[in-house]
1. Where the second residue is surrounded by 11 or more Cβ atoms within 10 Å (Cβ to Cβ) and assigned to a loop (DSSP other than H, G, I, E, B) and the first is modelled with pLDDT of 55 or more and lies in region 4-18, which pairs have Cβ atoms under 7 Å and are six or more apart or on separate chains?
2. One residue is enough: does region 32-44 have a residue meeting the conditions farther than 11 Å from Trp69 by Cα and more than 12 Å from the chain's Cα centre (by Cα)?
3. Just the residues that are of a type outside the set (D, E, K, R) and under 12 Å from Val19 (Cα atoms), please, taken from region 44-64.
4. Of the residues Thr23, Thr58, which is at negative phi, among the β-branched types (Val, Ile, Thr) and surrounded by fewer than 16 Cβ atoms within 10 Å (Cβ to Cβ)?
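The values are calculated or read from the model by the stated rules, or taken from the named source; none is laboratory data. Only a predicted model underlies this, so the values are computations on that prediction, with no experimental measurement involved. FYI the Cβ positions are ideal-geometry reconstructions off the backbone, even for glycines, and counts take in every protein chain you see.
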Amino acid sequence: MSRGYRSEDEDGVPIRAVVSRLTSKAALIEHAGEEEWVPLSCIEEEDIEIDDAKQDLTIAAWKARELGWD
């Protein structure tokens, strides 16, 4: 089931990042030398895993812009 994270007018922004923590509502993502909590509703993928290796994620365009990840 999709979380409906994206606006119909915008595509998501693909990033390669490390997910270091995960809750029922957000993921702690390390990307571009920064660590930020990102709401799961802003992440397209539903099978996110905590892993020291980088993984491909798609972040809602508005959130990526807010974080400077676009």
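1. Gly12/Arg6; Gly12/Glu44; Gly12/Ala60; Val13/Trp69; Val13/Asp70; Ile15/Trp69
2. no
3. Within region 44-64, Ile48, Ile50, Ala53, Gln55, Leu57 qualify.
4. Thr23
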